[in-house]
Amino acid sequence: MPEITTDDDGEGLGDGIQIDMISAERMQDMRTMEKIRLILDGVHDGNIVILEEGLEPEEESKLIEVTMSEINPDGFTGIEIETYPGGDGGDSGFLGRLMGKDEPNKLTVIGPANRIETLHKDETLISTLITRT
Amino acid sequence: MQSDSDFESKSGPREDEMGLLTELKSSISRATSSLFAGSEPKRIGIYGPPNAGKTTLANRIARDWTGDAIGPESHVPHETRRARRKENVEIKRNGKSVTIDVVDTPGVTTKVDYKEFLEHDIEKDDAVRRSREATEGVAEAMHWLREDVDGVIYVLDATEDPFTQVNTMLIGIIESQDLPVLIFANKIDLEEASVQRISNAFPQHETVPLSALEGDNMDEVYDKIAEYFG
C-alpha cells in the first residue's frame, strides 16, 4: 500500500491546504500505533486528516495520550478532532447517538489545533473553519 | 535443544498444579481479607474537561469526610497538572459506610497552548512550564483511565455546552472500559446553569446536580456515590 506523501514535500503548495481522506479499508489492518502515527504525521505536516471510519475508544484514548507527548511550546499545540455518528436511522435518538458509543462508520475530521476550528456540529453536519498558519 | 512439546510435557502438569495451588491460596486470602478487613477501597477517578470544578469537588469530598483538602483550586485552566489521590475516604450513608480512594485528575483536552496561560497574567517561562506539565498530566489521566480506576465521576460545568468532542470521546472511553460512571452537573449556583441540557446529552447515565463550591445538594451526591461505588 503506498504511503501518503506530499508530492513536493510541502513546498510550493502556495496557499493550499492538503486534505488526506483515509478509507476504512486502508485502516482496517493497521495496529493502533500505526493508525495514530498515520494521523499525527499528517497533522504535524499541517494537513487535515479525514477518516472514513473513526477510531475505537481505546485508540482515541491513545491518540490523546500520544498527542500530549508531542505538544511543543514552539510549534505543535495539539489537535482538533470532530466526529459525527453514522446516519443509520437507529432508534437510540439523536442525542443518544451523538453522545453514545458503538457507533460504527463515524466519519472523523482531525487537524492541527491552530488551523482548524469547529463552527457547528450536529448529527448530520460538521462545519469547520480551516485557516492557514 | 529442547523442543516446545518436550517442555510442555515435562513442566506443564507441575505448572498447572502450582497454578491451582496459587489460585486456591489467593481465593482463601481474598475471602479472609473480605471477612476480616473489608474489601479494598475502590479508586474513583474524577474526570472532565478543564475548569469543570473537579478539584473543588475533590476537595469538598475530602474535607467533608477526612478534614483535609486534595489540591489547590483555581480559575486558571490546568491548575491540576498531576493526578492526586486521597486514600481511604470513608463516606457514611444510611448506617453503612463506603470507603473509596478519590483520584483528582487534570482536565482532559486534545490541545494545550502556553499562550492561553499568558492571558492569566502568567510570565512566559512559567506558562511554558505549566503547558508542559499540563500535557504530561493529561497523558497521565488517560493512562489512569485505562489502567487504574474502578469507577468514574464525570464532572461538567452546567453553564457550558456539554456537546463537545472531548466529552463524547471520554464518555465513550469510560463506557468501553465498562466502568460505573456518574455524571455530575456542577456549578448549579450560577444563573445560566442547565442540568437538563446535560441530562439530555447523557441519557444513558444518571446526572446529579450540585455546586461543589457552595456545597449544594451534597447529600444526594454522597447517596449516589455510595450507591454506585459502594
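Mind checking which residues of region B:174-205 are part of a loop (DSSP other than H, G, I, E, B), more than 14 Å from chain A (Cβ to nearest Cβ) and in contact with a helix residue (DSSP H, G or I) (Cβ under 8 Å, 6 or more places away or on another chain)?
B:180, B:188
If you go through region A:42-50 one residue at a time, do you hit one that is among the hydrophobic types (A, V, I, L, M, F, W, C), in contact with a Pro (Cβ under 8 Å, 6 or more places away or on another chain) and more than 9 Å from every other protein chain (Cβ to nearest Cβ)?
yes
Residues being within 8 Å of chain A (Cβ to nearest Cβ), under 13 Å from the mean Cα position of the chain (by Cα) and closer than 15 Å to residue B:109 by Cβ: count how many of those fall in region B:128-170.
So the answer is 3.
I need a count of the residues in region B:94-125 that are at pLDDT below 90 and under 21 Å from the mean Cα position of the chain (by Cα).
1
Restricting region A:57-73 to residues that are out of contact with any His (no Cβ under 8 Å at 6 or more places or on another chain) and free of Cβ contacts under 8 Å to residues at least 24 places away in the same chain, which is farthest from the other protein chains (Cβ to nearest Cβ)?
Once the filter is applied, the top-ranked residue is A:72.
For region B:142-185, which positions are of a type in the set (A, V, I, L, M, F, W, C) and touching a residue at least 60 places away in the same chain (Cβ under 8 Å)?
B:144, B:145, B:149, B:152, B:153, B:155, B:156, B:166, B:170, B:174, B:184
If we keep just the residues of region A:74-95 that are in a helix (DSSP H, G or I) and at pLDDT below 50, which is nearest to the other protein chains (Cβ to nearest Cβ)?
Taking the candidates together, the pick is A:93.
Scan region A:21-46 residue by residue and report those that are surrounded by fewer than 16 Cβ atoms within 10 Å (Cβ to Cβ) and in a loop (DSSP other than H, G, I, E, B).
Within region A:21-46, A:23, A:28, A:29, A:30, A:31 meet the criteria.
Applying the selection to region B:61-95, what residues are farther than 25 Å from residue B:163 by Cα, in contact with a helix residue (DSSP H, G or I) (Cβ under 7 Å, 6 or more places away or on another chain) and among the basic types (Lys, Arg)?
B:82, B:86, B:93
Counting only residues that are of a type in the set (Lys, Arg) and surrounded by fewer than 15 Cβ atoms within 10 Å (Cβ to Cβ), how many does region B:40-78 have?
1
The values are calculated or read from the model by the stated rules, or taken from the named source; none is laboratory data. All of these numbers come straight from a predicted model, not from anything done at the bench. Neighbour counts are summed over all protein chains in view; Cβ atoms, including those assigned to glycine, are modelled from backbone coordinates with ideal geometry.
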